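The values are calculated or read from the model by the stated rules, or taken from the named source; none is laboratory data. Here the structure is a predicted model, which is why all the values come from computation and not from measurement. Because the Cβ atoms are built from the backbone with ideal geometry, glycine has one as well, and the counts that use them run over all protein chains shown. The accessibility values were calculated without ligands, DNA or RNA, using every heavy atom of the protein model including side chains. Shrake-Rupley method; radii C 1.70, N 1.55, O 1.52, S 1.80 Å.
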Amino acid sequence: MSTDSHQSTGSDAGGGKDRIEREISIAAPVERVWAVLTEPEHVGSWFGQGTPTPVDLRPGGIMELDHGEYGQFPTTIVTVDPPRHFAYRWAGAFPGEVATEGNSTLVEFTLTPEGNGTRLRVVETGFAALAIPEDRQPTAGYESHSEGWSGQVENIRRYTEQLAA
């Protein structure tokens, strides 16, 4: 299975940077990738400090992302459609604040079977509508998240594939 990843970015009608999209092939079935994205012990390993992440896996539930020195982020789960689609709101500019439509971006994971593996697509949107404080731009702005997702999809792939080993 190829470990290629490609990236594309879109923009909103005003020409601003609003959408980040990453895709990667993972040599694991969709059910395993789903578990990695949604189960406390796995989320804490690929995005976090290695400890289990509290996850209330239902629309309106909270998943606590521990981003170390950058803060704790209570994301609000929007969509739970196992094992194909998972989405949450992330208030990346506002550590400690519960993510709402007014203070967050929307992160969507789409899992598609691909041979014996999975094609994972991650899309984060909503940057153009956010008022990100200047001191949070380096860690919560479009460029930071664009670079961050490039690394995170690779973390997800590596972590998921080693579970199968």
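Here are some notes:
- Environment charge of Gly44, counting only residues whose C-beta is closer than 13 Å and scoring Lys/Arg +1, Asp/Glu -1: -4
- Relative contact order of region 48-158, pairs being alpha-carbon contacts under 8 Å that are 6 or more residues apart, as %: 15
- Other residues within the sphere of radius under 12 Å centred on the Cβ of Val107, judged by their own Cβ, net out at +1 (K and R +1, D and E -1).
- Checking every one of the GluC sites (Glu not before Pro) in region 24-66 against DSSP loop status and a limit of 15 other Cβ atoms within 10 Å picks out no site at all.
- Per residue solvent-accessible surface (Å²) - region 67-165, probe of 1.4 Å: 45
- Estimated FRET transfer efficiency (Glu41, Glu147; beta-carbon r; R0 35 Å; 0.05): 0.85
- Rounded to the nearest 20, the size of the Cβ-charge dipole of region 42-121 about its Cα centre is 280 debye, with Lys and Arg at +1 and Asp and Glu at -1.
- Summed side-chain charge close to Arg32 - residues other than Arg32 whose Cβ falls under 12 Å, Lys, Arg +1, Asp, Glu -1: -2
- Across the protein chains, with a 1.4 Å probe defining accessible surface, the residues Leu111, Leu106 rank Leu106, Leu111 from largest area downward.
- Label-point separation in nm, Glu97 to Glu31, each point 7 Å along Cα→Cβ: 4.1
- For the chain, the share of accessible area belonging to carbon and sulfur comes to 48 percent (1.4 Å probe, ligands and nucleic acids excluded).
- Between Ala131 and Thr110, the modelled label-to-label distance comes to 3.3 nm, taking each label 7 Å out from Cα in the direction of the beta carbon.
- Placing a label point 7 Å from the Cα of Arg121 along the Cα-to-Cβ direction, the residues of region 132-165 whose backbone N falls under 17 Å of that point are 150, 153.
- Three-way shape call for region 114-165 based on the alpha-carbon gyration tensor, with the a/c threshold at 1.5: prolate
- His42 - accessible surface, heavy atoms, 1.4 Å probe, Å² rounded to 10: 30
- Listed values (i) 1.20; (ii) 2.37; (iii) 0.98, entry calculated as Cα Rg over 2.2 N^0.38 Å: (iii)
- Debye, to nearest 20: dipole size of the chain, +1 on Lys, Arg Cβ, -1 on Asp, Glu Cβ: 340
- Cα-based helix-to-principal-axis angle, 142-164 vs the chain, degrees rounded to 10: 20
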